[in-house]
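The structure under discussion appears below in the form of structure tokens.
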Amino acid sequence: MEDKSANFLSLFASSSTLICCALPSLFVVIGAGASFASLISYFPFLITLSKYKLYITFFAFIVIAIAGYFNYKTYYMPCPADPELGRVCLKTRRRSRIVYYISVAIFIFATIFTYIIPKLI
């Protein structure tokens, strides 16, 4: 699996935790429960997804861990000696790192709003 595809898969997985699990909690926390009820009438699959939130979160964590491993592994690989290819390699590596960090941030945000914030309220 390529580093780039692993990072985009981790971004997709972390976004799915955000949609299925953190979105309902976020609406309740900000006092927009009626808005969320309206949203569910348009997207009823959110109810089904929220039933499996533990599995979705676990799957996202595994995918993010695998992407982190590939990101770490490719970070120390040498880039081509050709100046143009070397710049492209470094630019791609930097973008890959940014995508990975964004997916980790989304996952942490979704996990906090799914499992921690509801216990505090």
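What the table below lists for this structure:
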| item | result |
| --- | --- |
| Carbon/sulfur fraction of accessible area - the chain, other protein chains in place, 1.4 Å, % | 74 percent |
| Residue-normalised accessible area of the chain, expressed per residue, 1.4 Å probe, Å² | 67 Å² |
| For the chain, alpha-carbon Rg over 2.2 N^0.38 Å | 1.31 |
| Residue among 103, 41, 15 with the largest mean-square fluctuation in a Gaussian network model of the chain, springs linking Cα atoms under 10 Å | 41 |
| Ratio of the Cα radius of gyration of region 73-121 to 2.2 N^0.38 Å, where N counts its residues | 1.82 |
| Accessible surface, 1.4 Å probe, highest first, among residues 20, 89 | 89, 20 |
| Choice from 90, 23, 49 showing the highest fluctuation, given a GNM over the chain with Cα pairs closer than 10 Å | 90 |
| Normalised alpha carbon radius of gyration of region 19-77 [divisor 2.2 N^0.38 Å] | 1.57 |
| Debye, to nearest 20: dipole size of the chain, +1 on Lys, Arg Cβ, -1 on Asp, Glu Cβ | 140 debye |
| Lysine pair number, Cα distance threshold 19 Å (strictly under), the chain, separation 8 or more or different chains | 5 |
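The values are calculated or read from the model by the stated rules, or taken from the named source; none is laboratory data. It should be emphasised that the depicted structure is a prediction, and the values quoted were computed from it without experimental measurement. Cβ atoms come from the backbone with ideal geometry, glycine included; neighbour counts cover every protein chain shown. Note: accessible area is taken over every heavy atom of the protein model, side chains too, but ligands, DNA and RNA are not part of it. Shrake-Rupley method; radii C 1.70, N 1.55, O 1.52, S 1.80 Å.
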